[in-house]
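The structure appears right after this line, and notes come after that.
Please treat every number below as a calculation from the coordinates, not as lab data. Not measured: the values here are computed from a predicted model. Here the Cβ positions follow ideal geometry from the backbone for every residue, glycine too, while neighbour counts run over all protein chains shown.
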Amino acid sequence: MPANLSPEYKAAEAAYRKARAPDERLVHLREMLRVIPRHKGTEHLQADLKTRIKELGEALSGPKKGARTGPPVTVRPEGAAQVALLGPPNAGKSRLHARLTGSGAESAPYPFTTRKPQPGMLPFEDISFQLVDLPPISATAMESWVPSALTHADAALLVLDIRDPAALDDLAAIARRLAGKHIRLVPDVLPAPVSGDDAASGADDDLDGFHLQDLPTLLVATMSDLLGDTPDAADAASAADAELQAFTELTATPFCAIATSAETGAGLDLLGPWIFRRLGILRVYTKVPGQPPDMQRPLTLREGDTVADAAGLVHRGLAGDVKSARLFREPLFRGQHVPRDHALSDGDIIELHW
Ligand SMILES: Nc1nc2c(ncn2[C@@H]2O[C@H](COP(=O)(O)OP(=O)(O)OP(=O)(O)O)[C@@H](O)[C@H]2O)c(=O)[nH]1
Ligand SMILES: [Mg+2]
């Protein structure tokens, strides 16, 4: 049924997607629920919004006395972006998480090992991304709180066992389950609309173009070290590439895919750059007048973000007070004044003027 969302709702949704701090997100979620048109077509969505508001509220204030005592379901975002590890049981999510972040995420040769969200930091150049390991999702099982655990996720790594012939079915089942909770897995390049079954693309016509969340998604086909009898690293890499090519061609999946191994580390160096580029992350360095810039701790913003957005990160709630900035970016900018709505670039150095 068409959801027929109003301009007020769409504006609230846009503000929600832009907000990164949990308390700001909660404000926007409440606003979405307040302005959502009340009719049958939005009933599911209203229910999803209420669940997220409740769970995010509990995460921010601690659970109420006597409330259900499960694991905390939302992970407070840290670093330049939060990226969720999704996938079917036993695919190798936790082993990857442990290797990438140094977390002690428990991995075991049987399914449903992971029972709660586990955060860890993946360093990339001078910033880091927060990776969140999660319990598995299959056609028949998904912890009810997993959609809420994705509230702060900016992207997803969908981990599949490269040897598993059912991987496409797993991918479609996961996309469908999340679509049912108004979360859409988005490939790097959106496929042209086709009629017929497009569950594997993450699209879902039932949602009438509406969703609570878009998750840019990379397929991570892991365990490449276990492909055939290839002790030589170069042979193993080409076997993995051939397998991956066969997979992407056979399944015609619109998602980008990379082959990795948590055992040998093969392919893992591609993850940070993908997250960085796919999310359009910018690093902006700040300086105070008369002093050299602080090159140690960049602000992290997104493509299209402005001087005012950077100011909002420096002084929360005061973004509106910044008047202009001096911008340093060789060779074009050597301290010229730019207005508060000037869009920043990766590597910019700014001196804020309030
Ligand atoms: N050789 C090899 N083994 C791997 C690799 N990745 C995972 N494994 C093994 O595969 C099994 C499952 O890995 P897990 O990381 O627990 O899988 P998971 O996806 O977290 O599983 P759930 O928590 O049940 O969803 C474990 O025995 C891992 O040691 C890999 O890249 N190479
Ligand atoms: Mg696990």
Using Cα centres only, tell me the gap between the range 318-354 and the range 225-288 in whole Å. 36
Note to self, the chain gives a 222 nm [θ] from helices alone (DSSP H runs n ≥ 4, -39500 (n - 2.57) apiece, / all residues, nearest 500) of -9000 deg cm²/dmol
Calculate the dipole size of the chain relative to its Cα centre from +1 charges on Lys and Arg beta carbons and -1 charges on Asp and Glu beta carbons; express the result in debye to the nearest 20. 1880
May I ask which residue of Pro292, Leu219, Phe276 lies farthest towards the positive end of the charge dipole of the chain, with charges of +1 (Lys, Arg) and -1 (Asp, Glu) on Cβ and the Cα centre as origin? Pro292
Name the most mobile residue of Asp154, Asp305, Asp133, meaning the one with the largest mean-square fluctuation, in a Gaussian network model of the chain with Cα contacts below 10 Å. Asp305
